[in-house]
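What follows is a single structure, written as structure tokens, with notes after it.
What follows draws every value from the coordinates through simple rules; no lab data is involved. Please read these numbers as outputs of a predicted model, since none were measured by experiment. Neighbour counts are summed over all protein chains in view; Cβ atoms, including those assigned to glycine, are modelled from backbone coordinates with ideal geometry.
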Amino acid sequence: MAAVHPGGDPGLGTSIFIFSPRPMMLALSSPPQPRPFLKWAGGKGRLIEQYRPHFPTTIRQYYEPFLGGGAIFFYLVGRFKQAVLADVNPELVNVYQCVRDQVEPLIQLLEHHGHHHSHSHYYDTRAQTELQISLQRAARLIYLNKTCFNGLYRENSKGYFNVPMGSYKNPKICDRTTLRLASAALKSTEIQCESFDRVLKQAWHPQDFVYFDPPYYPISATSRFTSYNRYGFTPEDQIHLRDTFATLAERGVQVMLSNSDCPFIHDLYQGFHVRPIQANRAINANARRRGKITELLITSYPPR
């Protein structure tokens, strides 16, 4: 507070007091960020802080050939102009395409599932294997994903989803905000039902970034969850993936891959940059084998 006297004479006239309040600090909140709308076994959401120092500083175009829950894609949104996302699971690809292109009618269908959710509704929905309308198929997969045991996607040999219902008291079946943010993030993406090696026809630029998150190589003879669909992922597939990784690296493309910390994977990726990552194992038939484990993060480029 300052006193000002007319005419500059402190003895004359009436003092005028001017208050100088402290500058107001405006709270600036960050815009909401897109995030995965599916629960996914092996999803990388909890590992991003460990991955973050190893992402390329410049990304021209992003490729993710094993899409799954898409945690890395959603984290990197805004750092590239275009992305190509792919998976061999046609139902998963259909879900992403519907979220991108028809999110509002999809939300309406999910709200219907949420209103009718029950034991009988779950198994009736799971049995609907012949749905022809893409939106209905997408809503079915999201509903089952949100209400099944452990959020685990698994198919039997005929390609039918076969996970039992979970024991959630109040599952959030329709997360409208998350779906709308995901839809906006997916607008500039190409979403394909393709094998991982399709990326060899697409990624050529040295600022392209390819992230591979394949079914992990089993770390023991009793490891069972090495693929979530009917096709499986064999040691020969792992070798073919390494060859794809190496071809991209020879072109100068920036490549990152996640996999098991085991001798087979170490041997496959000799000569590349391999580092351990601490992760949690949430799915194992033996509860004592759940918890902290080490995985590998492999890049074609040196650490920053």
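Here, P(r) means the percent of Cα pairs in each 5 Å bin from 0 to the largest distance; for segment 34-122 it is 2, 12, 18, 22, 18, 13, 7, 4, 2, 1.
The ellipsoid that matches the Cα gyration tensor of segment 140-226 has semi-axes, each √(5λ) in whole angstrom, of 29, 23, 12, with the longest given first.
Of all aspartates and glutamates in the structure, the ones whose alpha carbon falls short of 14 Å from that of Lys39, not counting any fewer than 8 places away in one chain, are Asp175.
The loop-placed GluC sites (Glu not before Pro) in segment 109-204, going by DSSP, that have at most 13 neighbouring Cβ atoms within 10 Å of their Cβ come out as Glu130.
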